[in-house]
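Structure record follows, encoded as structure tokens.
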Amino acid sequence: MIIRRHNRLFNAAFIMVRCVYHCKYVRHLSSRENCSAKTGSYFITTPIFYVNAQPHIGHLHSALLADASYRFQLLRGREFTLFSTGTDEHGLKVQQAATNNNISPFQYCDEVSDKFRCLFDAANIGYTDFVRTVESRHVEAVQKFITNLMAGGHIYQGSYSGWYCVSDEAYLTDVQVKEMTTSSGQKQMVSIESGHPVEWNKEENYMFKLSSFQNDLLHWLKDDGRVTPKRFLEELRMWVSEGLIDLSISRPRDRVSWGIPVPGDYMHTVYVWVDALINYLTVAGYPELKLWPPDVQVIGKDILRFHGIYWPALLIASGLEPPRNILCHSHWTVEGQKMSKSLGNVVCPHDRIEKYTTDGLRYFLLRESTTHSDSNWSDTRLVRLLNAELADSLGNLLNRCTAPSLNPRLEFPKLSSSYLQTIPESGSKLMEQLTKLPDDVEGHYCNYNFYRAVDVIMNAVRSANVFVQEEKPWELKNLQDRTKLDSVLRIALETVRIAGIALQPIVPTLAGKVLDCLGILSYDRLWDKMKVGFSREKQGYFETSSSLGRRTKLFNKLKL
Ligand code: MSP
């Protein structure tokens with residue numbers, strides 16, 4: 001799987017490189033097969049974040065999707081893993097931001113990069129590598145990669161003209177731009193996709209022969225599991241089928257000085273998007289790759305073209321395998337509008353962590369969003385959801401069943417098989433839900449449908465509350481009813497145990513609190529221990545009891 005073998009192919013003839021790619025393609029795992037692999041290595045990436053602006057919840061969202069997927073894979077027993085994130089620090093946009101702030105690009109990048117790292121630490125993003133594009137390991141990787149592309153005959157020098165969009169750091173064609181009248185009445189050309197202004201540019205560039213990779217890309221995109229969700233896969237297939245034009249991969253230094261020199265030509269810097277994409281190779285140790293290809297690359301829909309066309313084509317040209325799967329997510333809007341500094345509607349993640357806790361914010365971002373459509377931020381909705389699900393449903397169930405008044409021995413008690421003969425319908429329904437839950441949740445996690453995973457978990461918790469309400473354990477406190485009381489408590493606490501294990505990828509601290517309360521040891525928190533009735537001594541049955549851990553309040557109700 002690791003492509004050390006590939007490195008030797010860099011200078012081989014183009015035709016041979018393609019042949020190797022196709023052979024590997026046939027053998028390599030699709031994203032779904034890859035998700036069903038429960039052990040072995042795992043490599044997941046987030047985009048690297050521009051340092052021209054402060055981090056907001058949209059950025060955190062990209063990182064959080066990767067974090068939840070990564071935590072899920074760790075729980076399933078993945079061993080050799082890589083989870084990378086970082087900051088994208090070169091290019092005209094950053095150069096201009098530093099100038100506007102009257103500081104050197106170095107100092108400017110240090111400051112903003114730290115803010116991203118600080119946010120990810122506060123949000124409990126468990127990355128294993130944080131890469132900055134100004135690091136020497138990255139500069140070396142970029143130069144090596146471009147040198148190899150040049151040696152393979154994939155780069156030529158040419159004159160390039162087109163509409164350049166500084167905000168998107170991309171050249172656009174005539175059909176991708178339109179004329180707009182600004183509020184001051186001036187005519188301005190803008191990008192149709194992002195709405196950002198563009199300007200006409202003509203310059204000498206190094207060009208990558210992207211146009212010759214159309215068939216390879218269509219072949220790579222044949223696998224339905226290549227890009228999730230499907231609507232973005234279809235969009236990519238359409239773009240590639242429409243035909244590709246060669247990609248300018250450098251900028252003249254006199255225009256963009258804040259960049260990595262093109263190997264052998266100091267007067268040009270590497271195009272910031274090519275520089276940025278290579279970060280994924282840097283973290284894998286390029287050219288001596290420790291792990292390749294990435295199992296999943298998480299990106300937002302605005303950067304699909306770069307990751308779904310340029311990136312796989314660059315990799316194929318270098319004799320490297322493209323990613324197994326791209327998870328492309330939609331955006332967070334505020335009252336239906338895109339979040340932006342100029343509109344003053346940016347939702348600050350630090351502020352929300354302080355108000356709602358780290359896990360409160362994590363829960364809402366993953367519970368309320370879908371990958372296929374945009375989601376709307378609402379503080380009111382967040383407060384209602386967290387109060388209803390974390391405080392009322394899960395918190396109350398745990399609190400009730402571990403209360404000394406109801407559970408004086410502070411036990412995770414036994415379930416008696418005789419009780420199962422008399423269990424009410426609400427209890428049978430709950431047992432059925434619990435039996436199906438691990439597979440259902442696993443399926444949703446594998447497809448990055450976190451909201452659906454939480455739905456399944458919360459439905460079981462709600463059913464457990466209905467069951468407890470019906471069985472009224474508080475009326476069963478005399479001795480004759482003890483078997484029944486224990487059984488009812490066990491079923492309710494079993495629900496909490498299963499919910500606690502299943503929620504770990506989403507809310508690791510809160511789920512840890514749940515499992516601590518139940519006295520569940522750390523090695524009993526892995527995915528395969530979620531099976532209903534799991535016990536260390538007698539696997540697969542409910543015959544044992546154990547002591548509960550220390551009681552704590554799970555989640556304080558929030559005020560609107
Ligand atoms: N630097 C490039 C990525 C290079 S990766 C080789 C970049 N950076 S970014 O900071 O602008 O965006 C980083 C991520 O944040 C992208 O996945 C983008 O989609 C995501 N988000 C930015 N705003 C967002 C929302 N409003 N909502 C959700 N995610 C959004 O692009």
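Observations, loosely collected:
- Residue-wise HN-Hα coupling along region 421-438, computed from phi with Karplus coefficients 6.51, -1.76, 1.60 (Hz; x: Gly, Pro): 5, 10, 4, x, 4, 4, x, 4, 4, 4, 4, 5, 4, 5, 5, 7, 3, x
- Estimated distance in nm for a label pair at Leu218 and Asp174, the labels positioned 7 Å out from Cα along Cα-to-Cβ: 2.5
- A cut-off of 5 Å between modelled amide H atoms, ignoring neighbours fewer than 5 places along the same chain, links Trp377 with Thr333, Val334, Glu335, Gly336.
- The HN-Hα couplings worked out from phi for region 270-284 by the Karplus form 6.51 cos²θ - 1.76 cosθ + 1.60 (θ = phi - 60°) are 6, 3, 4, 6, 5, 3, 5, 4, 5, 4, 5, 7, 4, 5, 8 Hz, whole numbers, x standing for Gly and Pro.
- Here the calculated FRET efficiency for Thr552 and Gln157, from their Cβ-Cβ distance with R0 = 60 Å, stands at 0.35, rounded to the nearest 0.05.
- Contour excess over end-to-end distance, with Cα ends at Arg253 and Ser184 and 0.36 nm allotted per residue: 21.5 nm
- Simple spin-label estimate for Ser416 and Asn478 gives 1.5 nm between the two label positions (7 Å along the Cα-to-Cβ direction from each Cα).
- Between the beta carbons of Lys531 and Ala37, assuming R0 = 25 Å, the FRET efficiency works out to 0.80 to the nearest 0.05.
- In sequence order, calculated HN-Hα J values of region 343-360 (Karplus, 6.51, -1.76, 1.60; Hz; x Gly/Pro): 7, x, 10, 6, 8, 7, x, 5, 4, 6, 5, 4, 6, 10, 6, 4, 6, x
- Anisotropy class of region 424-560 from Cα gyration tensor, a/c 1.5 cut: rounded
- Anchor Lys529: lysines whose Cα lies under 22 Å away (excluding residues fewer than 8 positions away in-chain): Lys38, Lys414, Lys429, Lys436, Lys513, Lys538
- Region 106-130 residues near the modelled Cys348 label - backbone nitrogen below 15 Å, point 7 Å along Cα→Cβ: 115-116, 119
- Residues whose amide H comes within less than 5 Å of that of Thr87, counting only those at least five positions distant or on another chain, are Phe49, Val131, Arg132, Thr133 (H built at 1.01 Å from N in the peptide plane).
- Amide proton proximity set for Phe43, modelled H, under 5 Å, gap of 5+: Leu82, Asp295, Val296
- Modelled FRET efficiency - R0 22 Å, Ser104 with Arg137, Cβ distances, 0.05 increments: 0.50
Here, each number is a calculation from the coordinates, and none is a lab measurement. The structure displayed is predicted, hence computed values, not measured ones. Note that we place each Cβ from the backbone using ideal geometry, even for glycine, and neighbour counts take in every protein chain shown.
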